[in-house]
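Below: the structure, in structure tokens.
No value in this document is a laboratory result; all are computed from the given coordinates. What you see is a predicted model; the values in this text were computed from it and never measured. Positions of Cβ are generated from backbone atoms using ideal geometry, with glycine treated the same way; all protein chains shown enter the neighbour counts.
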Amino acid sequence: MTTSPTAPESAVSASTGDGVAEVPSTMRAVVQDHYGTPDVLRVDTIAVPEVRDDEVLIRVAGAGLDRGTLHLVTGLPLLARLESGLRNPKRRVPGLDVSGTVVSVGVNVRDFQVGDAVCGIGRGSAAEYAPALARKLTHRPDALDPVAAATLSISGITALRALRDVGRLQTGQHVLVYGASGGVGTYAVQIARSMGARVTAVCSTGKADMVLALGAEAVLPYDGDAAVEALDGSMQYDVIVDIAGNRPLRHARRALAPRGTLVFVGVETDGRLTGGFLSRMLRAVAWSAVGRRRFRIVMPTERGEDIETVVGLASSGEIIPQIDRIIGLADVPAALHDLASGRIRGKVAVRP
């Protein structure tokens, strides 16, 4: 694990009616100037970002890495560039998940003040300081480790919405989590258990021990015949959460209970334009139109109330972040390579 040097000595005061914090004028951050593999990333010294009226500035204690960050770094699928920038990334600093301490607040912010411990979703969190919209943050309880808390939001709320809002999971139902050992998958197993469901999980053999410890009653390896058998119709599931996104739809369809729901969380194919998302969405709509089985896709939303729910589950011990490793800024490119190749168990946290 690498560590960062201390912040630059030059500093300016960030003042609010709630207090004053010393904020340096520059900071160390992971930056990129163009799209590419994670190797385009480097650590540089740049200006500390200014906060907008509805934002706060956070001294980062921890940041989380996720596949969304990887897509923003690579600019793939190309559809994502409509948001991130057509030719070059609009945001030079990657990273969304964030945890830390508020050091400055915008004029329209009422729910946070300087000195508050927070976690949630920011912009450019792979840095010593990061701005975040106040509505995408929640107060971080003292019981939560600040670095582990940085891995909760993106993956946690995705798993929550897949099960609660899209899957409409009920107590006693049977859930299949396909791709259960990654960030979203580890939270999906735990959240499903907290909702009173039975969980069968599919993941690589080497990660089965972790997923069983999280509460799955059975784990099937996706690198063998057992994964195919999980979707052969001999066992039917009320909700299937497909995080891997690479199984034929007809397989998942026959494994669904007559009124079951298949929830697509990610579609990780090699399609450069949409990454396979558009074709899956069209087929899901078509198949939902016939019969009583539902095929749905989790659309990205970043609501503060969902973050608060996930943080509440973590502070009560109902979900526990699974941290593969804690790294420094210089190790972000290597960690993203490992994320892309599936070598990560749970989440990677970054400590600037």
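At 0.36 nm per residue, minus the direct Cα-Cα distance, what do Asp232 and Asp145 gain on full extension? Give it in nm, one decimal, please.
Numbers: separation 87, 0.36 × 87 = 31.32 nm, distance 4.18 nm.
Roughly 27.1 nm would be gained on extension.
If R₀ is 22 angstrom, what is the calculated FRET efficiency for the pair Ser194 and Asp111, using the beta carbon separation as r and rounding to 0.05?
Details: r = 26 Å, r/R0 = 1.20.
Rounded to the nearest 0.05, the efficiency is 0.25.
Subtracting the Cα-Cα distance of Asp54 and Ser316 from their residue separation scaled by 0.36 nm leaves 91.3 nm.
Among 128-135, 192-199, 98-105, the peptide with the highest mean count of other Cβ atoms within 10 Å heads the list, and the full ranking is 98-105, 128-135, 192-199. With a/c under 1.5 counting as rounded, go ahead and sort segment 140-220 into rounded, prolate or oblate using the C-alpha gyration tensor (a ≥ b ≥ c being the square roots of the eigenvalues; past the cut-off, prolate if a/b is larger than b/c, else oblate). Oblate shape, in that a/c is at least 1.5 and b/c is the bigger or equal ratio.
Can you tell me how much longer the chain between Arg168 and Ala47 gets when fully stretched, taken as 0.36 nm per residue apart minus their C-alpha distance, in nm with one decimal?
On the way: separation 121, 0.36 × 121 = 43.56 nm, distance 4.50 nm.
Contour length minus Cα-Cα distance gives 39.1 nm.
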